[in-house]
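*Asks:* I am attaching a structure below and will ask some questions about it afterwards.
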Amino acid sequence: MKLKASIEHKPNIPTASMADIAFLLIIFFMLTITFEVDKTQVTLPKTTLRNEIPKKAAYVSIDPDGRIRQSDGNDQSALVSGPEDVLSMAATAISSDPSKTFVVKADGGVPWEKVDQVLDALKRAKVRDLRLLSDQRTVDDY
Amino acid sequence: MRIERDRPDDEIPTSSMADIAFLLIVFFMVTTTFTATRGLDFALPEDDDNPPVIEKEESVLIEIFPGGALVVDQNPMELSEIIEYLKPKLERNPKKPVIIRPDVATEYKHMVQVYDELRQGEEHGLQEPINISVPTQREIQSFWY
């Protein structure tokens, strides 16, 4: 009697589902990614209270040298000449969306005068929702 | 006799699919920059043409000088002492306005520190949130003098 040769198993790792997992991760990253509209390097002031800032918020940043950049939340921020430009941008944004969130991203070391001018411009543009971007204050900072 | 034929493989080669996908993941992970997207709510009062008249004597004035020195109602004070100073005043009148007035040369971080401290009034045992106002230079010039 002839014995049936045992079926030979090719050793292999099942990798078919690997791509599914990977693409799932890609989709997750693509949905959660938020493009930074302002890349100004600043040392933010530290606060204990911090609330989440909504997406698509408009940014006004003040770098350590006092230069002002602004973004309406869609495009990359661009350098502006002064608070008057902030006022006109904010007024335009507020006229289309009165509850638009504005974020002031100022370096902790800039003189109050600079921030004051920007806040005044936003106030005159009738901005209602304003946030001051900050870092978390920890026990080490006391 | 049966002729053995080389049967072409009928599978789609998917082994490199995972490589491509992981390459994309790595790209996304490297380019994602984690940014601070949290901050302090800074409620601006309405820019009315007729703002409520606040008498200087009724309110508490916190002045901040360059370097972070604080003067509250003409008394030099530490940041941690402010809430204790305000407590008896705010118990009598919870709506009492507290005005933060930084000097023009004061660093922004000192103002944020004071504002952050005052916003935490309820954690320090106050009944209501403090009525904080930060007038801008324009308002100070047009309404105070």
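The values are calculated or read from the model by the stated rules, or taken from the named source; none is laboratory data. Given the structure is predicted, the values throughout are model-derived calculations rather than measurements. FYI the Cβ positions are ideal-geometry reconstructions off the backbone, even for glycines, and counts take in every protein chain you see. Surface areas here come from the heavy atoms of the whole protein model, side chains and all, with no ligands, DNA or RNA. Shrake-Rupley method; radii C 1.70, N 1.55, O 1.52, S 1.80 Å.
*Asks:* What does the C-alpha gyration tensor say about the overall shape of segment A:46-137? Classify as rounded when a/c is under 1.5, otherwise prolate if a/b is larger than b/c, or oblate.
*Replies:* oblate
*Asks:* Using a 1.4 Å probe, what is the accessible area per residue for segment B:60-144, in Å²?
*Replies:* Computed with neighbouring chains in place, this is 49 Å² per residue.
*Asks:* Treating the beta-carbon of each Lys and Arg as +1 and of each Asp and Glu as -1, no other charges, what is the dipole magnitude of chain A about its Cα centre, to the nearest 20 debye?
*Replies:* So the dipole magnitude of chain A works out to roughly 720 debye.
*Asks:* Would you mind telling me which residue in A:Pro11, A:Pro45, A:Pro54 has the biggest mean-square fluctuation in a Gaussian network model of chain A, where springs connect alpha carbons within a distance under 10 angstrom?
*Replies:* A:Pro11
*Asks:* Could you check the spin-label model distance between A:Glu8 and B:Val30? Points 7 Å from the Cα along Cα→Cβ, value in nm.
*Replies:* 4.2
*Asks:* Which FRET efficiency, nearest 0.05, do B:Leu23 and A:Lys55 yield, Cβ-Cβ r, R0 35 Å?
*Replies:* 0.80
*Asks:* Let's see if you can work this out: charge +1 on each Lys and Arg Cβ, -1 on each Asp and Glu Cβ, no other charges. What is the dipole magnitude of segment A:76-142 about its Cα centre, in debye to the nearest 20?
*Replies:* I would put it at about 340 debye.
*Asks:* Which percent of the accessible heavy-atom area of segment B:74-145 goes to carbon and sulfur, probe 1.4 angstrom?
*Replies:* The computed percentage sits at 45.
*Asks:* With point charges of +1 on the Cβ of Lys and Arg and -1 on the Cβ of Asp and Glu, referenced to the Cα centre of the protein assembly as shown, which listed residue (B:Gly121, A:Val37, A:Ala125) lies farthest in the positive direction of the dipole?
*Replies:* The residue sitting most towards the positive pole is A:Val37.
*Asks:* Of all beta bridges DSSP finds with both residues in the protein assembly as shown, what is the antiparallel percent, to the nearest 5?
*Replies:* 50
*Asks:* For every other residue with a beta carbon closer than 14 angstrom to the beta carbon of B:Pro94, add +1 if it is Lys or Arg and -1 if Asp or Glu, then tell me the sum.
*Replies:* Residues near B:Pro94 contribute +1 overall.
*Asks:* Between A:Gln41 and A:Ser95, what is the label-to-label distance in nm when each label sits 7 Å out along the Cα-to-Cβ direction?
*Replies:* It is 3.8 nm.
*Asks:* Then there is this: Simple spin-label model, 7 Å along Cα-to-Cβ: B:Gln127 to B:Val71 in nm?
*Replies:* 3.3
*Asks:* Using only the alpha-carbon atoms, how far is helix A:18-32 inclined from the longest principal axis of chain A? Give it as 0 to 90 degrees, nearest 10.
*Replies:* Here the helix axis deviates by roughly 10 degrees.
*Asks:* Please name which of B:Thr14, A:Thr47, B:Thr31 has its Cα lying farthest along the dipole of the protein assembly as shown towards the positive end, using unit charges on Cβ (Lys, Arg +1; Asp, Glu -1) and the Cα centre as origin.
*Replies:* B:Thr14
*Asks:* How big a patch of accessible area, both sides summed and in Å² to the nearest 100, lies buried between B and A at a 1.4 Å probe?
*Replies:* 4400
*Asks:* Tell me, what is the per residue accessible area of segment A:46-137 in Å², probe radius 1.4 Å?
*Replies:* Ligands and nucleic acids excluded, the result is 42 Å² per residue.
*Asks:* Let me ask something else about it. Counting only protein heavy atoms and a 1.4 Å probe, tell me what percentage of segment A:46-137's accessible area is made up of carbon and sulfur.
*Replies:* 48
*Asks:* Shifting gears a bit: Counting other Cβ atoms within 10 Å, keep those with at most 10, restrict to DSSP loop, and tell me which GluC sites (Glu not before Pro) in segment A:5-100 are left.
*Replies:* Of the GluC sites (Glu not before Pro), the ones in loops of segment A:5-100 whose Cβ has at most 10 other Cβ atoms within 10 Å are A:Glu8.
*Asks:* Can I ask one more? Among A:Ser81, A:Met18, A:Gly108, which residue has its Cα furthest toward the positive end of the charge dipole of chain A, with +1 on Lys/Arg Cβ and -1 on Asp/Glu Cβ?
*Replies:* Of the options given, the answer is A:Met18.
*Asks:* Report, as an integer, the average count of C-beta atoms from other chains found within 10 Å of each Cβ along B:117-130.
*Replies:* 1
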